[in-house]
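Notes for the one structure printed next.
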Amino acid sequence: MRTGLTPESKDKRRRKIVATQILKPTTENIVKCANTLKAGGLVAFPTETVYALGAVATDAAAVEKVYAVKSRPHDKPLIVAVSNVSEIDGVAVNIPDKARTLMKKFMPGALTLLLDRADCIPDIVTAGARTVAVRIPDNAIALKLLEIVGKPIVVPSANTSDKPSPTLADHVLTDLDGKIDYILDGGASEIGIESTIIDTRVGPPLILRGGGISADRITAEIGEVEFKREKPIMSSAYSPNAEVLFSAYYDGMAANICAKYDALTARGNKTVIICLASNISAYGNRNVFIAGSSYEDYAHNLFALLRRADAEHYDTVIAEGVRSEGIGASIINRLVRASGGLII
Ligand code: AMP
Ligand code: MG
C-alpha cells in the first residue's frame, strides 16, 4: 500500500513512546510541541474548557492515533481548533450569518460551530460526516501552539474515553502516560467543562451539546435556539470508577441526600457528597467535597472532584443538583451522563 511516507517517517510514527513528559509552557517548549505535532505526534495542552489531545487535523494517520490512545469509538467525530476567525474559512464552507455573529462575540471561547466541511478535513476527523465542528480556544498557550503549527488541530479531551475530562496536566498523565509525546502544563482549565456546540445551519439554530457558553448568552446574540433532545439511554461518559449518584435540585434535596448517604454508609460503602459551600452545614459530619461557591466554581471543579473520589478510593459519589440556569444546565448534563441516569 502506498502511504506517501518515507521509511524513516514510518519509523517515527511507529516509535513507541516510553514516557510522556510534562513540560512548562515556555516558548521553547511550545515550539518543541509544535514540531512534534507537525511530525505526526500527539501533544496534550491546556484550553479554557478542559485539556485537549492535539494532532494535526489534516494528518489522517496522526488523527487515527488520537482515537487509539483515547480508546474512542470511530463514530464519534472530533472538534477542530484554529487560532483565528479567518482560518475558519479554511476548514469550513457556506458559513451562515448567524455563525459569523457568534464568531465575533464568542471566539476565542467555549463555543464550537458545526459547519459544512472544507475538503482539507479528512473523513477520520468527522466520522465521515460532511460537517466539521470548529472552535478557537481562549487560552494563550493553546493559541500560541496553534499559531506556530499553522494548521488546524483536533482537540478532543485528553483523557481515556468515558473518564472524567482532564482539567489538570496530572489528570492527562493518569490516563495517557506512555501513549502521547508531551503534555504542556498550563495549570487548571478555567471553565472546567467542554464547549457548547451549536448548528446555525438550521432554523432555529440547534444546541447539540450544552457547555461553557450558556444558551441565554447565545440567544441574546442570534435569537431563539433549540436544544437537541438527548437519547433516553445514554452511553456512559465522564465516569470515574466510583459510582456516581446525582440529585435533582429541589428544596429539601439535602435531607434526601443525607438519607441516601446514611443508607450507603450503613452498608459499608465509602461515600462522599459533592456540594456547594453554602450548603455544607446540611451534611453535618458526613464526607463532603466542596465544589466552590458558585455554579461557575462547580463546573470548574466537577471533573477534578470525580477524579479525586477515585484517588481517595470512594465507592460512591453523591452530587448535589443545581438549577437549570446559566452554566447550571451544562453541569446537570455532565452529571446525568456521569451517573448514567442514576438520579436520586
Ligand atoms: P468531545 O470530543 O467529547 O468533546 O466530543 C465532541 C463532540 O462534538 C462529538 O461527540 C459530536 O457530538 C460533536 N461533533 C464533532 N464533530 C462533529 C461533526 N463533524 N458532526 C457532528 N457532530 C460533531
Ligand atoms: Mg471528551
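Read the figures in this text as sums done on the coordinates, not as results from a lab. From a predicted model like this one, the values you see are computed outputs, not experimental measurements. Methodologically, a virtual Cβ is constructed for each residue, glycine included, from the backbone with ideal geometry; neighbour enumeration extends over all protein chains shown.
Summary table
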read-out: Matching option when the condition is within 16 Å of ligand 2 (Cβ to nearest atom) and surrounded by 16 or more Cβ atoms within 10 Å (Cβ to Cβ), among Pro205, Pro240; value: Pro240
read-out: Pick from region 84-101, criterion surrounded by fewer than 17 Cβ atoms within 10 Å (Cβ to Cβ) and under 23 Å from the mean Cα position of the chain (by Cα), ranking: farthest from Lys151 (Cα to Cα); value: Val85
read-out: Filtered residue count, region 113-144, keeping only those that are under 24 Å from Lys179 (Cα atoms), of a type in the set (Gly, Ala, Ser) and more than 12 Å from ligand 1 (Cβ to nearest atom); value: 1
read-out: Set Gly150, Gly128: member being over 13 Å from Val82 (Cα atoms) and over 14 Å from the mean Cα position of the chain (by Cα); value: Gly128
read-out: Conditions (1) in contact with a Leu (Cβ under 8 Å, 6 or more places away or on another chain); (2) surrounded by 24 or more Cβ atoms within 10 Å (Cβ to Cβ); number of the one not met by Pro156; value: (2)
read-out: Members of region 195-221 found to be touching a residue at least 60 places away in the same chain (Cβ under 8 Å), in contact with a Lys or Arg (Cβ under 7 Å, 6 or more places away or on another chain) and not hydroxyl-bearing (Ser, Thr, Tyr), listed by number; value: Ile197, Pro205, Leu208, Glu221
read-out: Search result, residues across region 24-39 that are within 10 Å of Asp181 (Cβ to Cβ) and either within 14 Å of ligand 1 (Cβ to nearest atom) or in contact with a Lys or Arg (Cβ under 9 Å, 6 or more places away or on another chain) (or both); value: Leu37, Ala39
read-out: Within region 309-334, tally of residues that are crowded, with 19+ Cβ neighbours inside 10 Å and under 17 Å from Ala242 (Cα atoms); value: 8
read-out: For Tyr261: the one exception among (1) touching a helix residue (DSSP H, G or I) at 6+ places or on another chain (Cβ under 7 Å); (2) under 30 Å from Ala311 (Cα atoms); value: (1)
read-out: Exclusive hit being within 16 Å of ligand 2 (Cβ to nearest atom) and among the hydrophobic types (A, V, I, L, M, F, W, C), set Ala140, Ala127, Ala118; value: Ala127
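The rows are residues; the columns are (1) in a helix (DSSP H, G or I); (2) under 27 Å from Val336 (Cβ atoms); (3) within 13 Å of ligand 1 (Cβ to nearest atom).
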| position | (1), (2), (3) |
| --- | --- |
| Leu146 | yes, no, no |
| Pro164 | no, yes, yes |
| Thr174 | yes, yes, no |
| Lys179 | no, no, no |
| Ala188 | no, yes, no |
| Thr219 | yes, yes, no |
| Glu224 | no, yes, no |
